[in-house]
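What follows is one structure encoded as structure tokens, with my remarks underneath.
Nothing in this text is a laboratory measurement; each read-out follows from the coordinates by a stated rule. Worth saying up front: this structure is predicted, and the values here are computed from it rather than measured. In this analysis, Cβ positions are derived from the backbone assuming ideal geometry, glycine residues included, and neighbour counts consider all displayed protein chains.
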């Protein structure tokens with residue numbers, strides 16, 4: 001997990017349309033970079049729809065949203081279309097982004113351990129530094145937390 005003040009690692013991976021998206025594309029803007037386990041699952045849908053519902057407010061505060069999971073571009077397209085998500089979903093099929101951001105790790109569900117994406121969100125400031133970090137996101141509350149942090 002990265003800490004507040006750390007330089008955000010640069011990345012360049014494809015979004016749901018196969019378009020390469022780099023962190024440096026958003027230099028001068030705040031970036032809400034959120035990691036989630038799987039498209040179209042209950043918690044991930046709640047989180048994504050919450051961010052969708054406040055997206056205009058986020059844009060108004062000079063920020064963009066990027067969602068990251070290991071799902072394919074095709075899976076992301078279906079998820080985005082089904083729920084009308086207005087932001088990019090990045091297909092990190094090789095853990096190029098999850099690993100350096102500390103989102104890939106051991107999970108424990110019902111006593112069974114496995115490797116997967118942990119639900120983590122960062123706000124990256126206009127200079128590419130970590131301004132906020134949430135290591136254990138609660139999907140139902142998260143959009144409001146992000147909005148509140150961007151308003152400071």
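Tabulated results
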quantity	calculated
Calculated P(r) over Cα pairs in 10 Å bins from 0, in percent (choose from (1) 11, 36, 29, 16, 8, 0; (2) 12, 45, 38, 6, 0; (3) 11, 44, 36, 9, 0), label	(2)
Chain lengthening between residue 27 and residue 7 when straightened (0.36 nm per residue, less Cα-Cα)	5.9 nm
Of all DSSP beta bridges in the range 12-150, antiparallel share, percent nearest 5	65
Residue exposure sequence - 110, 122 - by fewest surrounding Cβ within 10 Å	110, 122
Helix-only mean residue ellipticity at 222 nm for the chain, each DSSP H run of n ≥ 4 adding -39500 (n - 2.57), per residue, nearest 500	-8000 deg cm²/dmol
Prolate/oblate/rounded call for the range 23-104, Cα gyration tensor, a/c under 1.5 rounded	oblate
Peptides ranked, highest mean first, by Cβ atoms within 10 Å: ranges 77-83, 63-69	63-69, 77-83
